1. Thr305 - would you say it is surrounded by fewer than 21 Cβ atoms within 10 Å (Cβ to Cβ), away from the ligand (no atom under 16 Å from the Cβ) and either modelled with pLDDT of 95 or more or not charged (D, E, K, R) (or both)?
2. Taking interchain pairs and intrachain pairs at least six residues apart, which have beta carbon atoms under 9 angstrom, with the first residue in segment 49-61 and touching a residue at least 60 places away in the same chain (Cβ under 8 Å) and the second part of a helix (DSSP H, G or I) and among the hydrophobic types (A, V, I, L, M, F, W, C)?
3. Out of the residues in segment 21-61 meeting the condition of being in a loop (DSSP other than H, G, I, E, B) and open to solvent by 10 Å² or more (accessible area, probe 1.4 Å), tell me which one is farthest from Gly202 (Cα to Cα).
4. Got a sec? Which of Ala244, Ala254, Ala235, Ala239 is small (Gly, Ala, Ser) and under 28 Å from Glu160 (Cβ atoms)?
5. Would you check if Gly8 is under 30 Å from Arg386 (Cβ atoms) and buried (at least 17 other Cβ atoms within 10 Å of the Cβ)?
6. Looking at (1) assigned to a loop (DSSP other than H, G, I, E, B); (2) over 21 Å from Gln291 (Cα atoms); (3) open to solvent by 40 Å² or more (accessible area, probe 1.4 Å), which is the only condition Gly412 fails?
7. Can you spot a residue in segment 159-178 that is open to solvent by 40 Å² or more (accessible area, probe 1.4 Å), touching a Ser or Thr at 6+ places or on another chain (Cβ under 8 Å), among the charged types (D, E, K, R) and part of a helix (DSSP H, G or I)?
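The values are calculated or read from the model by the stated rules, or taken from the named source; none is laboratory data. All values derive from a computational prediction rather than experimental measurement. Backbone-built Cβ (ideal geometry, glycine too); neighbour counts: all protein chains shown. Surface areas here come from the heavy atoms of the whole protein model, side chains and all, with no ligands, DNA or RNA. Shrake-Rupley method; radii C 1.70, N 1.55, O 1.52, S 1.80 Å.
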Amino acid sequence: MSKFIIEGGNPLNGEIKVAGNKNAALPIIAAAALTDEDCIIENLPAIRDVDVMLEILADLGKRVERTAPNVYKISGAIAKTRVNDALANKLRASILYLSVILAKTGEVEMVPPGGCIIGRRNVDSHFDVIESFGATLEFDEKNYKANLSSPRAPYIFLKEASVTATENAMLLAASVTGETTIENAASEPHVSDLADVLKKMGAGISGRGTNRLSISGKEKLSGFRHRIMPDHIEAGTLAIAAAATKGEMIIHDAYHEHLRMTYHYMKQMNIDLEFLDHQTLKVRPSDPVSQAKKIQVGLWPGFPTDLMSPMIVLATQAKGTTLCHDWMFEGRMFFVDKLIIMGAQIVQCDPHRVLVSGRTMLRGQELSSPDIRAGIALVIAALTARGMSRIDRVELVDRGYEDIAARLNKLGASIKREQ
Ligand code: EPU
């Protein structure tokens with residue numbers, strides 16, 4: 001396990017470019033299993049979750065080559081129908097292999113996917129999806145097994161607008177002839193990035209970016225070359241880090257259309273931020289005040305749950321009281337006990353709601369990262385705090401943020417990594 005040793009108190013100043021979108025990269029890597037032709041993926045973030053998705057592809061029999069920094073070429077055919085157990089266990093997104101292996105071979109087996117512990121994230125919506133295409137499914141808590149001999153293009157109404165269940169439905173729909181309709185689909189930017197890739201592979205897609213997708217599939221899909229879109233969660237995280245440390249930061253590849261709700265909440269907190277053009281965000285030092293009173297996650301285009309943890313840290317630096325509400329995940333808020341140890345005044349009302357009173361001077365502490373997003377929130381808290389913090393288990397932060405210590409150090413942070 002590795003640690004970050006962080007000396008707090010330095011404002012983050014300077015310019016930084018946002019990395020490729022993690023949650024777009026993962027389904028797009030899985031999409032490469034749908035074809036035997038060459039697939040070139042550019043702007044893949046160099047993060048642990050991407051490595052694991054690529055390792056699964058290689059284990060299935062694909063040739064995976066890194067041809068330049070952040071660029072991979074994937075070629076050949078898959079030769080197995082079982083996802084490697086140890087790799088499947090490492091991340092929740094391994095469930096995206098359920099649909100692509102099934103589409104390509106007519107059968108698939110895997111252990112339940114692993115991932116961050118931020119609540120009871122069951123897989124019913126994924127099972128509903130694959131069964132609607134005509135698959136038969138056997139499963140227990142140790143193994144999932146599905147067969148699909150004569151696929152049909154279904155009408156699907158998702159009981160939850162789940163991101164990865166929508167993606168599994170899209171991946172299967174692209175390779176089944178006929179028109180599939182997915183209603184109550186998730187519409188996050190990364191879902192649209194996958195739609196763009198499936199179009200390049202030969203599928204017909206309408207409704208991109210909406211909650212009703214129509215997909216005309218093809219039995220034989222072609223290869224693709226695609227540049228992964230920038231990660232709006234990283235962009236928002238950097239903007240929050242700049243605001244919390246009172247730095248002046250220019251963030252490149254921060255797309256305005258992906259940050260509307262984040263921008264709105266930060267403006268309401270009196271943060272001085274401005275789009276210099278449609279993909280460049282500037283944050284200036286400001287005096288945060290809780291005018292929003294309530295910050296609440298929403299389905300897209302609402303405020304992303306993956307930015308809630310960093311936003312709570314910013315709320316500790318805002319004058320006044322902020323109610324932060326994440327109804328999506330049962331476990332998202334529990335990391336606030338670590339902020340309380342640092343001196344934050346937070347009352348946890350229930351598993352989904354915390355009341356943050358600011359502004360408080362945070363103090364450096366011994367901490368441990370519980371999940372990707374809480375991990376980066378603790379990094380921001382430590383950068384904001386007086387004194388030194390040690391954050392353990394930063395491999396969880398590595399799962400989602402490329403070379404984050406070095407990139408933040410270039411902005412004036414003091415972060416050392418220790419084994
Ligand atoms: N949910 C609802 N109602 C809905 C939609 C979702 O209650 O209409 C709940 C679910 O029950 C679940 C949570 O919200 O508890 C998230 O559901 P979803 O199925 O959408 O999550 P996911 O597909 O497993 C993806 C991201 C997560 C991100 C969520 C929500 C990937 C690989 N993962 O997960 O990312 O938090 O969507 O936007 O795309 C992360 O990057 O750290 C991460 C956890």
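1. Values: surrounded by fewer than 21 Cβ atoms within 10 Å (Cβ to Cβ): yes; away from the ligand (no atom under 16 Å from the Cβ): no; either modelled with pLDDT of 95 or more or not charged (D, E, K, R) (or both): yes.
Against the criterion (surrounded by fewer than 21 Cβ atoms within 10 Å (Cβ to Cβ), away from the ligand (no atom under 16 Å from the Cβ) and either modelled with pLDDT of 95 or more or not charged (D, E, K, R) (or both)), Thr305 does not qualify.
2. From segment 49-61, the pairs are Asp49/Ala25; Asp49/Leu26; Asp49/Ala93; Asp49/Ile372.
3. Taking the candidates together, the pick is Ala46.
4. Working: Ala244 fails: under 28 Å from Glu160 (Cβ atoms); Ala254 fails: under 28 Å from Glu160 (Cβ atoms); Ala239 fails: under 28 Å from Glu160 (Cβ atoms).
The conditions single out Ala235.
5. Here the answer is yes, as Gly8 does meet what is asked.
6. It fails just one condition, (3).
7. Within segment 159-178 (the criterion being open to solvent by 40 Å² or more (accessible area, probe 1.4 Å), touching a Ser or Thr at 6+ places or on another chain (Cβ under 8 Å), among the charged types (D, E, K, R) and part of a helix (DSSP H, G or I)), the answer is no, since none of the residues qualifies.
For (1) assigned to a helix (DSSP H, G or I); (2) free of Cβ contacts under 8 Å to residues at least 12 places away in the same chain; (3) more than 21 Å from Leu148 (Cα to Cα), each residue gets a yes or a no:
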{"position": "Asp193", "(1), (2), (3)": "yes, no, yes"}
{"position": "Gly202", "(1), (2), (3)": "no, no, yes"}
{"position": "Thr210", "(1), (2), (3)": "no, no, yes"}
{"position": "Leu213", "(1), (2), (3)": "no, no, yes"}
{"position": "Ser216", "(1), (2), (3)": "no, no, no"}
{"position": "Lys220", "(1), (2), (3)": "no, no, no"}
